[in-house]
Each structure stands twice: as structure tokens, then as C-alpha cells.
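Comments concern the structure below.
The values are calculated or read from the model by the stated rules, or taken from the named source; none is laboratory data. Just so we're clear, the structure is a prediction, and the values are computed from it rather than from any experiment. Positions of Cβ are generated from backbone atoms using ideal geometry, with glycine treated the same way; all protein chains shown enter the neighbour counts. With ligands, DNA and RNA removed, areas are computed over all heavy atoms of the protein, side chains included. Shrake-Rupley method; radii C 1.70, N 1.55, O 1.52, S 1.80 Å.
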Amino acid sequence: MSKEKIRQVLKDHGKFAADMDTLADDADLYEAGMTSHASVNVMLALEDAFDLEFPDRMLKRSVFESIDAIHAAIQELTA
């Protein structure tokens, strides 16, 4: 599972004004412009892209606040 795939989902669904390619993996995606509405679209797109479902316990801002956090959550779900 690659962070590039996560980055592509964010590019397609995150509605960022900033260039996703220049954003650090640990950068706060909300500070970079992702709204809570966009984060729901990102979550749904990630579920499709990685063929998984985020459990209720993961439906919180901290899970989607950075590429690193998303990556860690997906690794946990696919382990």
C-alpha cells in the first residue's frame, strides 16, 4: 500500500488549493484546506481505493489529519 495512492485520492477528492505533491506526509491536511465535508468524500474514496471500511472508532479527525495518519490507519485495517 503506497502513500502515493493516498495522495492521489486526496488530489481527486480533498479539494485542496495547495499542490498535494509538495505537501509533507505529516502536514495537517485540515490546515492545508481540507474541510470536514471534503474529509468525508476522501474517506469514502479511500474505502473504495483500498477495498476496506473504516470502523466507527476511526471516524475522527485525527485519523484523516495527515497522509501519515491515513497510512497508519489503512495499515492497521489491512494487517
Hey, can you tell me all the residues within the range 20-37 that are surrounded by 15 or more Cβ atoms within 10 Å (Cβ to Cβ), small (Gly, Ala, Ser) and either at pLDDT 95 or above or within 15 Å of Glu4 (Cα to Cα) (or both)?
-> Ala27
Those residues of the range 17-40 that are closer than 14 Å to Glu65 by Cα and either among the hydroxyl-bearing types (Ser, Thr, Tyr) or over 12 Å from the mean Cα position of the chain (by Cα) (or both) come to a total of 10
The range 50-79 residues that are of a type in the set (S, T, N, Q), paired with ones that are at pLDDT 95 or above (beta carbon under 8 Å, 6 or more apart) | Ser62/Ala69; Ser66/Asp25; Ser66/Asp26; Ser66/Ala27; Ser66/Asp28; Ser66/Leu29; Thr78/Phe50; Thr78/Leu52
Do you know which of the residues in the range 41-63 that are within 11 Å of the chain's Cα centre (by Cα) and over 12 Å from Val9 (Cα atoms) is least open to solvent (accessible area, probe 1.4 Å)?
-> Val63
